[in-house]
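The values are calculated or read from the model by the stated rules, or taken from the named source; none is laboratory data. What you are looking at is a predicted structure, and each value in this text was computed from that prediction instead of being measured. We place every Cβ from the backbone using ideal geometry, glycine too, and count neighbours over all the protein chains shown. For the accessible areas, the whole protein counts, side chains as well, though only heavy atoms, and no ligand, DNA or RNA atoms are used. Shrake-Rupley method; radii C 1.70, N 1.55, O 1.52, S 1.80 Å.
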Amino acid sequence: EKGGYEHFMLKEIFEQPRSIHDSMRGRLIAANNHLIMGGFREYENKFINAKRIIIVACGTSWHAGLVAEYLIEDLARIPVEVEYASEFRYRNPVITEGDIVIAISQSGETADTLAAIELAKSKGATIFGICNVVGSSIARASDAGAYTHAGPEIGVASTKAFTAQVTVLTLLAMIIGSKRGTIEDSKLRQLMIELENIPAKVEKALELNEKIVEISEEFKDAPNCLYLGRGYNFPVALEGALKLKEISYIHAEGYPAAEMKHGPIALIDENMPVIVIATRDSSYEKIVSNIQEVKARKGRIIAIVTEGDQVIPAMAEYVIEVPETSEFLTPLVSVIPLQLLSYHIAVMRGCNVDQPRNLAKSVTVE
Ligand code: F6R
């Protein structure tokens, strides 16, 4: 059932070209200018007129929510707040009938996320669920929604569900933006084409596997690890750190690269691996200076860069090149090497990657 792979997690990482494709199927055909999402249609006016969108989720799904915040604000110009479901439900949040609450959950059974949407519903908000498991509690409790068609995810560490969530949220941001007239037609068309190309680029990123095995060998005994990113790659840094800690039990932190100088920089010395996601996008120059700051303190830099980068290889100890894509879509590609890195490090440390200690696939208790 693991399809020849040693673990479900590895199988699921390698399934991503397919699961991303499946999550777009029927929703996007660039050549026909076809961009639709069944669950959106009935609530189209609500979305077009929404004053605010609140996203609630936990864990990796919350990271997908952070990517969605950037996407929806960029493409659809609606203010977005992303909340941990567990905080939202207990902090007497301001919710009105004009609000749309997007709940993101792979399992559709996470107790805190379910309770958060029940609360929002009782205040009159519209609930849009993005779940992987068909007929799950969150899917049923939502007014509308869209499934991620990632297929069953068995490994406790979420991988293909994350990229499927980001795919669906990207489509959603594009649809809202196109209906609200906040994206230029030419930009929308370009993004449609580029999104269709993502499965092939993920396939290409998976070819990095051998190289990542080598890098993992080098860092498998590290007690700590720092992940830095900016813009669309900031949530990717958080996700990379979460993947590493949950399956390899190495302490890891993800930070927006510019926050480093407000504290975490104190941790950097010649023993600290620092993984910097520095693809060529609007914050490229800024992150290059952050790499310099790490280098000046002798941190060991592993950089995820865009293919053909001429600057960062001279500064980093290891460079991982990923295919170029639109800035909006960059998380779908840049997260792949981070998933592989955590997987290989965990295997080398003898950890049970599919069933890490203390964790369950769906957290049905608060
Ligand atoms: C991380 C992980 C957890 C889940 C979180 C939410 O790899 O698996 O952090 O992402 O428990 O679960 P869902 O998405 O099922 O609500």
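Restricting region 116-138 to residues that are farther than 19 Å from Ile154 by Cβ, among the hydrophobic types (A, V, I, L, M, F, W, C) and open to solvent by less than 30 Å² (accessible area, probe 1.4 Å), the residue that is nearest to the ligand (Cβ to nearest atom) is Ile138.
Test Glu109 against the criterion of being open to solvent by 10 Å² or more (accessible area, probe 1.4 Å), modelled with pLDDT of 95 or more and within 14 Å of Val363 (Cβ to Cβ), and give yes or no. The answer is yes for Glu109.
Out of the residues in region 327-366 meeting the condition of being among the aliphatic types (A, V, I, L, M) and more than 19 Å from Gly240 (Cβ to Cβ), tell me which one is nearest to the ligand (Cβ to nearest atom). Restricting to residues being among the aliphatic types (A, V, I, L, M) and more than 19 Å from Gly240 (Cβ to Cβ), the top hit is Val363.
Checking each residue in region 51-68 for being more than 12 Å from the ligand (Cβ to nearest atom), open to solvent by 10 Å² or more (accessible area, probe 1.4 Å) and not in a helix (DSSP H, G or I) picks out Lys51, Arg52. Would you confirm, using the coordinates I've provided, whether Ile48 is in contact (Cβ under 8 Å) with a residue 40 or more places away in the chain, of a type in the set (A, V, I, L, M, F, W, C) and within 22 Å of Asp143 (Cα to Cα)? Here the answer is yes, as Ile48 does meet what is asked.
For region 155-187, filtered to residues that are among the small types (Gly, Ala, Ser) and assigned to a helix (DSSP H, G or I), the residue that is nearest to Ser248 (Cα to Cα) is Ala161. Considering (1) open to solvent by less than 40 Å² (accessible area, probe 1.4 Å); (2) out of contact with any Pro (no Cβ under 9 Å at 6 or more places or on another chain); (3) more than 22 Å from Ala161 (Cα to Cα), the lone condition that Leu267 does not fulfil carries the number (1). Taken together, the residues in region 239-256 that are away from the ligand (no atom under 11 Å from the Cβ), open to solvent by 30 Å² or more (accessible area, probe 1.4 Å) and out of contact with any Leu (no Cβ under 7 Å at 6 or more places or on another chain) amount to 3. Evaluation of Glu194 against the conditions (1) open to solvent by 30 Å² or more (accessible area, probe 1.4 Å); (2) without any contact (Cβ under 8 Å) to a residue 60 or more places away in the chain shows that the sole unmet condition is (2). Listed conditions (1) among the hydroxyl-bearing types (Ser, Thr, Tyr); (2) surrounded by fewer than 22 Cβ atoms within 10 Å (Cβ to Cβ); (3) touching a helix residue (DSSP H, G or I) at 6+ places or on another chain (Cβ under 7 Å) are all met by Ser19, apart from (2).
If the condition is being in a loop (DSSP other than H, G, I, E, B) and either within 11 Å of the ligand (Cβ to nearest atom) or within 16 Å of Ser158 (Cβ to Cβ) (or both), then region 95-115 contributes Gln106, Ser107, Gly108, Glu109, Thr110.
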